[in-house]
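The values are calculated or read from the model by the stated rules, or taken from the named source; none is laboratory data. Note that the structure is predicted; figures quoted are calculated from it, not measured. Note: ideal-geometry Cβ built from the backbone for every residue, glycine included; neighbour counts use all protein chains shown.
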Amino acid sequence: MPKISRYSFLALLLMSMAAFALLLLSLPAFAQVQMKTGLQSSTTPQVHYDFPFQMMWDDAVLTSVRTGKPTLAFDLDLADSSSIRLANEVIASKSLQNFIRKNFEPAMNDFASDPPPTVGLDSLRNLGWRLSGLEKDYGVALRPSIIVIGSNKE
């Protein structure tokens, strides 16, 4: 085995440490590039994120019990052209958004989305109930639909 001088060893060690530090410093920049170019793992359509009301319907119903305002739940499938058209109309009208916020607890139920962080560690069964419960509990036959639920949950 060849002998390495002390100076060569130190030089090799410093170059290795510099390469490792450079790698660590470049990771956040790479993550920002990924976010800007849309290379994310989510398959949720962009219109979902643009929609002004992000609360899930069951959370809005619970909030409406406290505030006394009825829930206005948008039952959408933002991979469908009819739902996208409705969502774009709501996105475009600031006066409609203000009216809804003033008079209702707005919510969205979007079947084309990844679950929001509020779902937390729910099991898939519970997540499925949260998404389909609105349609089952309130007899929704098709999407898109807008459902008004009173503060008494009816």
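Assorted remarks:
- When every residue of the stretch 123-143 is checked against the conditions, none turns out to be surrounded by 13 or more Cβ atoms within 10 Å (Cβ to Cβ), at pLDDT 90 or above, among the β-branched types (Val, Ile, Thr) and over 17 Å from the mean Cα position of the chain (by Cα).
- Residue that is nearest to residue 101 (Cα to Cα), among those in the stretch 48-69 that are assigned to a helix (DSSP H, G or I) and aromatic (Phe, Trp, Tyr): 57
- Residue in the stretch 40-47 that is within 16 Å of the chain's Cα centre (by Cα), among the small types (Gly, Ala, Ser), at negative phi and modelled with pLDDT under 75 present: yes
- Any chance residue 96 is outside any loop (DSSP other than H, G, I, E, B), out of contact with any Ser or Thr (no Cβ under 7 Å at 6 or more places or on another chain), surrounded by 10 or more Cβ atoms within 10 Å (Cβ to Cβ) and modelled with pLDDT of 80 or more: yes
- Taken over the stretch 48-101, the criterion of being among the hydroxyl-bearing types (Ser, Thr, Tyr) and more than 16 Å from the chain's Cα centre (by Cα) is satisfied by 63, 64, 67, 71, 81, 82, 83, 93, 95.
- Which numbered condition residue 88 misses (of (1) of a type outside the set (Ser, Thr, Tyr); (2) part of a helix (DSSP H, G or I); (3) at pLDDT below 80): (3)
- A Cβ distance below 6 Å, combined with a sequence gap of six or more or placement on separate chains, defines the contacts here; from the stretch 71-89, residues that are touching a residue at least 12 places away in the same chain (Cβ under 8 Å) and under 11 Å from residue 109 (Cβ atoms) reach residues that are surrounded by fewer than 19 Cβ atoms within 10 Å (Cβ to Cβ) and among the acidic types (Asp, Glu) in the pairs 83/77.
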